[in-house]
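The values are calculated or read from the model by the stated rules, or taken from the named source; none is laboratory data. If you're wondering where the values come from, they're calculated on a predicted model, not measured in any experiment. Cβ coordinates were reconstructed from backbone atoms using ideal geometry, including for glycine residues, and neighbour counts include every protein chain displayed. All accessible areas refer to the heavy atoms of the entire protein, side chains included, with ligands and DNA or RNA removed. Shrake-Rupley method; radii C 1.70, N 1.55, O 1.52, S 1.80 Å.
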Amino acid sequence: MQQLRGQENALLQQLSVQVSTPCEGRIYPSLESDESYALDVSGGQATLKAQEVWGALWGLETFVQLVYTTNSGEFVVNDTSITDKPRFVHRGMLLDTGRHFLPKRTLLQNLDAMAQNKLNVFHWHIVDDPSFPYESRAFPELSNKGSFYPGSHIYTPSDIQEIIEFARLRGIRVMAEFDTPGHARSWEEGQKGFLSECYSGGTRNGMYGPADPTKNSTFTFLKEFFTEVASVFPDQYIHVGGDEVNFTCWQSNPAVGDFMQKMGFGDNYAKLEEYYMQNLLDIINSLGRGYMIWQEVIDNGAKVREDTVVGVWKWRNFSWSDEMARMTEQGYKVVLSACWYLSRISYGEDWKTYYACDPYSFKGTDAQKSLVMGGELAMWGEYVDDTNVLPLSWPRGSAVAERLWSPQDVNSPVLAEPRLVEQRCRMVRRGIPAQPISGAGGCPEEFGGN
Amino acid sequence: MTGGTMKMLLFLFWGFLFSAVSQAQEIPTAPSRGQPWPMPMSYKAGGQLNTIDAATFRFATQGNDCDILREAYIRYREAAFKQHSERLLVVGPLRFRQNNLRFMQQLRGQENALLQQLSVQVSTPCEGRIYPSLESDESYALDVSGGQATLKAQEVWGALWGLETFVQLVYTTNSGEFVVNDTSITDKPRFVHRGMLLDTGRHFLPKRTLLQNLDAMAQNKLNVFHWHIVDDPSFPYESRAFPELSNKGSFYPGSHIYTPSDIQEIIEFARLRGIRVMAEFDTPGHARSWEEGQKGFLSECYSGGTRNGMYGPADPTKNSTFTFLKEFFTEVASVFPDQYIHVGGDEVNFTCWQSNPAVGDFMQKMGFGDNYAKLEEYYMQNLLDIINSLGRGYMIWQEVIDNGAKVREDTVVMVWKGGWQKEMANVTKQGYHTLLSSCWYLNLITYGEDWKTFYTCDPHAFDGTDAQKSLVMGGELAMWGEYVDDTNVLPLSWPRGSAVAERLWSPQDVNSPVLAEPRLVEQRCRMVRRGIPAQPISGAGGCPEEFGGN
């Protein structure tokens, strides 16, 4: 940081940006995007070169981070030479708008925060048991009856378009997740008959279970619904959930029992689950999209496309490391989130734990390791909404971002800390309420001004 | 088996299935409507509704009037009638756990009475710059019935709490009409000291955040802002007599300081809300930041006979220490009008003193031998005498008593460490007044519904006589600042702090988290509507108006 006494700084007047491939038109980032770039600053000259515009975006973000002010308030940047590309291609963040609504403006703010950390996938877990805020053109009753407050706590088609465009301009993919057959209570009010009804002692008890695979109408509906989803969300992948399917209700329902007999599934409800998922996956496939699923779908034996990406999430009394080995051994691509449940808060510097978690920490061949696409930090919404989502997510999420972008051996929390403290204050200056994570201190400009 | 047994089994099975499936499906807890938080001492509400026309409704003083009341009317008018939409969570009857339904039904065909004003009667005069104190009478009675509403209080402090309660009783029907149920309330707090600690030594908190937090406190009837203003990392208090303290000790001298006028503004803002501002200047430990601007204040540490550049607690061996403290606290007493000044005294580390030869000499001279607790006591004694000479009472952390110092009778001892049940018994047995904060360290975050743990911690839960229990003045929730600043202090503090607020205000037997939950969910959304980013604490759900708008 020191200016050599008596030596004038060179004046840097521009950053020259060179992108090798055309980037006109509505192009979207994908799992195959080239995010590499080279950045050189020297003697009053600065160039940024990238194969694709996605790399240029990251190069711009990096360049801006290199700029700082001296004590006299002058903007400066050191002579720098950077060659950069991410270690993993899928570096995601999950937000959950089924448990608590998150206003559009907060989703946009969070996309900004993601871009500041080079995260490139917004995994939008958009609906869940408690609410259905997704406004469907084909099935308007889903949100009319299923959202918390239909007038306000919904995402209109135009909201979603705005979010996708905002993300695209930042090199971020928006991957929507419509989780079924479990986690779908909120679908029933607007789509009567979608879920299985539960029985007690031979009569309906008013409770509902997972989606009902015994009816053709279920799949007719899903086909029409996901056709619309595919038209709304341009990303190559649609996440179709498949986690935590509770069999109790199915077991109590006589019609389901009959169906099990008819299909020869015996007492094995995992087979019914597989049957449901298979049909759903076929629908997504017929739409020309790839799918991402939670690990249970594979764990329970369904047959899926080769390019399926499996989300490894289970952490409670479960070894995700074994699961990563199992999945990749079967040839599936994986995305790890099990060690990055940022919604599970605890006191102190848990960023170090997130920083230390490595997606390659499992026994496997190089070929297996190459199937690890990356990972995601998860900010599940049970206790999270607009009042706290941004401070909770940042800069704890930044620790995950570095793990997913930087080389494997960049893993010392001690060395990382000063940079993370700078990153935090930088995010605050840029309008993100990133909370303190390294004990007492302060940013020159506190969030919202002093 | 008999039909009855069969029915019972079916009921149990149904109940099990319901809870198994509903828990798995995370059905939101429906908020109550028009229920106060904290729960009043005596609260009766009927089904009859009174309609309010927001445009013409007024608060009408009858008798003693003052700026405190007039300012309150302006605030509460906005709080009660700011346009808001309180619609029920969408969906059918089985989807959420409903409580307090009876208040929401309007008898069909019966017109509501029109409530045009709340008549406010304060028995004692309240003009002039009067401050709340430990002796304030915070009681009030509130009656709403058949288009009439009266609020009576002995002192203006009770009237302020009555206004807060009244505004909480007002809600909107599904058609957007402002209503309040016939209600009869007699209320006063269980404990007189209901505080909240904020720590601006670890992280600076801008003035506007401190003001916002005072608003939040008032919404929960907390009445003491315990301002732990400086600490090891920084000294943001701008002293007129000793300007170098903040010039050299604050994180960023231009901005991360509290000027005399900032502090005046905060104290006044609090006063108008019935909140005391008790400053804490913690010494002899926790005082690293004082040294840069007051050279020689702290003891220097030695390694192998030479100074090693580190500093320890304040240096009790020099007279200049106490001359400085006297002048400093004289200023503090002129800046902070509260009867009590908190002088800290916690976590004094003896290592540095033990390494310092001059301190060693002093120990010999004073006949303290090897007992550094005696040196600590010596320091505290002198400091307490200074505060005493300024005519103020003092509050101290428990270590001061634990380590044997002799203090004034009216000292309030704050219990903060683990094993508080024994400590409370011990401290009150010695005749001291005490406050509890040990179980309310809200900065120690954990996943899930920890508000229930805060809610069920009772300051009287120790072995002692009634006389001892009567020495418990109340307690405080602590929001220490190691990982807390402007980005997160309000969501972390609220509504978890509301759970503590009810424990300190409401009767001891108001202690069921199950019954409290719908009211807490309502309180949380109410706070959000009134501009406080109170975070979710009861699982999935939502407020009709999210913080910052939808």
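Quick rundown of the values:
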{"item": "Principal semi-axes in Å for region A:49-89 [√(5λ), Cα gyration tensor, largest first]", "result": "25, 9, 9"}
{"item": "Relative contact order [Cα under 8 Å, 6+ residues apart], chain B, whole percent", "result": "16 percent"}
{"item": "Karplus-derived 3J(HN,Hα), 6.51/-1.76/1.60, for each residue of region A:432-439, Hz, glycine and proline x", "result": "9, x, 6, 7, x, 9, 10, x"}
{"item": "Span per principal axis, largest first, for the Cα atoms of region A:1-133 (Å)", "result": "67, 37, 27"}
{"item": "Distance between modelled label sites at residue B:232 and residue B:509, nm, 7 Å Cα→Cβ extension", "result": "4.7 nm"}
{"item": "Estimated translational D of region B:253-332 in µm²/s (Stokes, Kirkwood radius over Cα pairs; 37 °C; 0.692 mPa s)", "result": "218 µm²/s"}
{"item": "Value of relative contact order over region A:85-151, rounded to a whole percent, pairs C-alpha under 8 Å and six or more apart", "result": "33 percent"}
{"item": "0 to 90° range, to nearest 10: angle between helix A:104-115 axis and chain A longest Cα axis", "result": "50 degrees"}
{"item": "Residues of region B:170-204 buried by at least 40 Å² on assembly (accessible area, 1.4 Å probe, chain alone as reference)", "result": "B:203"}
{"item": "Integer Hz, Karplus 6.51/-1.76/1.60 couplings in order for region A:185-191, x for Gly and Pro", "result": "3, 6, 6, 5, 4, x, 9"}
{"item": "0 to 90° range, to nearest 10: angle between helix A:320-329 axis and chain A longest Cα axis", "result": "80 degrees"}
{"item": "Sulfur and carbon atoms: percent of accessible area, chain A [1.4 Å]", "result": "49 percent"}
{"item": "Relative intensity, log₁₀ I(q)/I(0), of region B:128-216 from a Debye sum that treats every alpha carbon as a point, q = 0.12 Å⁻¹", "result": "-0.55"}
{"item": "Reach of residue B:152 by Cα under 14 Å, taken over aspartates and glutamates that are not fewer than 8 positions away in the same chain", "result": "B:65, B:137, B:138, B:143, B:164, B:187"}
{"item": "Exposure rank, largest accessible area first [A:127, A:19; 1.4 Å]", "result": "A:19, A:127"}
{"item": "Most mobile of A:218, A:70, A:308 in a GNM of chain A (Cα contacts under 10 Å)", "result": "A:70"}
{"item": "For region A:151-308, fraction of C-alpha pairs farther apart than 23 Å, in %", "result": "41 percent"}
{"item": "Cα Rg, Dmax (largest Cα-Cα span) when computed across region B:314-379, Å", "result": "14.1, 40"}
{"item": "Solvent-accessible area per residue for the protein assembly as shown (1.4 angstrom probe, square angstrom)", "result": "38 Å²"}
{"item": "Alpha carbon convex hull of the protein assembly as shown, volume per residue in cubic angstrom", "result": "214 Å³"}
{"item": "Buried solvent-accessible surface, both chains (A, B), 1.4 Å probe, Å² to nearest 100", "result": "5200 Å²"}
{"item": "Size descriptor, Kirkwood hydrodynamic radius, that averages inverse alpha-carbon separations across region B:438-502, Å", "result": "13.0 Å"}
{"item": "Over region B:175-237: Rg over Rh, Cα atoms, Kirkwood Rh", "result": "1.20"}
{"item": "Whole-number Å³ per residue for the convex hull built on Cα positions in chain A", "result": "163 Å³"}
{"item": "Distance histogram in 10 Å bins (all Cα pairs of region B:242-401, percent per bin)", "result": "10, 36, 35, 15, 4, 0"}
{"item": "Degrees, to the nearest 10: B:372-389 long Cα axis against longest axis of chain B", "result": "70 degrees"}
{"item": "Global form of region A:365-410, assessed from the alpha-carbon gyration tensor, a/c cut-off 1.5", "result": "oblate"}
{"item": "Ratio of the Cα radius of gyration of region A:356-450 to 2.2 N^0.38 Å, where N counts its residues", "result": "1.28"}
{"item": "Rg followed by Dmax, in Å, when region B:308-425 is reduced to its Cα trace", "result": "15.0, 42"}
{"item": "Separation of alpha-carbon centers, region A:160-233 and region A:279-347, rounded to whole Å", "result": "19 Å"}
{"item": "Distance from region A:12-33 to region A:374-391 (C-alpha centre basis), Å", "result": "30 Å"}
{"item": "At R0 = 41 Å, FRET efficiency that the Cβ-Cβ distance of residue B:347 and residue A:83 yields, to 0.05", "result": "0.25"}
